[in-house]
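First up is the structure itself, then whatever we jot down about it.
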Amino acid sequence: MAGRRWAEGKSGRGDGPETPRPSERRGAGPAGAGEGKHARPAGKPAPSPEALARARARLKPPPAPWDPLPLSELAIVFGAVAMLASVALSSDRGLIAGFLLIVLGTAEFSWREHRHGYRSHGALLAGLLALPVALAFWKLVGLGPRTSLGVGAVVFLIGWSALGGVFKRAREERANKGASPAPSAAPDAAPKGDGE
């Protein structure tokens, strides 16, 4: 009896539905179901090479005036090395010089990316502006630490707000440069003659 059932299942003449093969399960479904998820919708034209080039240009950071020489990055690296060396040698001058190099390098590329609408650095730039103002009011003008800190906070808020507007305008300008040109209006139909 068991041999008969095994034979029926082997030959496919059993009462129950036949189990599909793995290859058939993989191939099931309408044609084109195995295509990639990101297939272009029907009727949507492919982007032109000019549009792709503009999109790639928007993704690239703005180049420095001295490109390809990475002066800002070198200033940050040299500043870090100078600070480490000054700590090892107990030198205050090297520590200050290294700190200034790091600040200058960071401020340069942050401002470059910010004003070109590539990446927002408003808080960082406003902090770099407010810190020396607060120190100047404390050490040079002679105000107290709390008063100088309050002046620095006001400068930070004003600078942050102004820098936000700069980035927003630069971002819109960058997007408009990368946008495809608007299609020209269709010419008006020629006037029909009297005999038509």
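Overview of values
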item	result
Selected residue (only one of Leu100, Leu131, Leu95, Leu135 is surrounded by 15 or more Cβ atoms within 10 Å (Cβ to Cβ) and of a type outside the set (S, T, N, Q))	Leu95
Residue under evaluation Lys60, criteria (1) surrounded by fewer than 13 Cβ atoms within 10 Å (Cβ to Cβ); (2) over 21 Å from the mean Cα position of the chain (by Cα), criterion not met	(2)
Matching residues, the stretch 74-92, being more than 30 Å from Ala64 (Cα to Cα) and surrounded by 13 or more Cβ atoms within 10 Å (Cβ to Cβ)	Ser91
Entirely in the stretch 82-196, the helices (runs of 4 or more DSSP H) that have 1 or more residues that are at pLDDT 90 or above and of a type in the set (Lys, Arg)	92-115, 145-178
Test for Ala53: is it modelled with pLDDT under 85 and in a helix (DSSP H, G or I)	yes
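The values are calculated or read from the model by the stated rules, or taken from the named source; none is laboratory data. Note that this is a predicted model, so its numbers are computed, not measured. Reconstructed Cβ throughout: ideal geometry from the backbone, glycine too, with neighbour counts over all protein chains shown.
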